[in-house]
1. Among 8-21, 31-44, how do they line up by average Cβ neighbours within 10 Å per residue, starting with the highest?
2. With contacts defined as alpha carbon pairs under 8 Å and 6 or more residues apart, what's the relative contact order of the chain in percent?
3. Applying 1/(1 + (r/R0)^6) with R0 = 25 Å to the Cβ-Cβ distance of LYS5 and GLU26, what FRET efficiency is obtained, to the nearest 0.05?
4. Would you check the chain for Lys pairs whose C-alpha atoms are within less than 20 Å, ignoring same-chain pairs closer than 8 in sequence, and give me the count?
5. Of the options SER3, PRO40, VAL14, report the single residue whose Cα projects farthest towards the positive end of the charge dipole of the chain (beta-carbon charges: Lys, Arg +1; Asp, Glu -1).
6. Quick check: net charge around PHE27, other residues with Cβ under 11 Å of its Cβ, Lys/Arg +1 and Asp/Glu -1?
7. Evaluate the charge dipole of the chain about its Cα centre and quote only its size in Debye, nearest 20, assuming +1 on the Cβ of each Lys and Arg and -1 on the Cβ of each Asp and Glu.
Amino acid sequence: MFSKKETIIPYTVVACDGCKMTKKTEFAPGDVLFAESECPSCGKTARIEKIFGEAVHS
Ligand SMILES: [Zn+2]
């Protein structure tokens, strides 16, 4: 048991309604679901759509 090393990396997915841009970044403290920010490509409102963890084997 527990012989495999597995790390869970949390990711944040930001989606923009204006230009349909989606961006996946590593989760940062303070990121909450549906939090709004300015879209870097069109300047409209982008929203955090998804926060999820991805298992990384090392
Ligand atoms: Zn946009």
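Derivation of every value follows stated rules applied to the coordinates shown; laboratory data play no part. Owing to the predicted nature of the structure, the values given are computational and were not obtained by experimental measurement. Positions of Cβ are generated from backbone atoms using ideal geometry, with glycine treated the same way; all protein chains shown enter the neighbour counts.
1. Working: 8-21: 14.0, 31-44: 12.0.
Most protected by this proxy first, the peptides run 8-21, 31-44.
2. On the way: 110 pairs, mean separation 26.5, N = 58.
Once normalised by length, the contact order is 46 percent.
3. 0.85
4. The result is 6.
5. Result: SER3.
6. Neighbourhood net charge equals -1.
7. Working: 8 positive and 8 negative charges, 37 e Å.
So the magnitude is around 180 debye.
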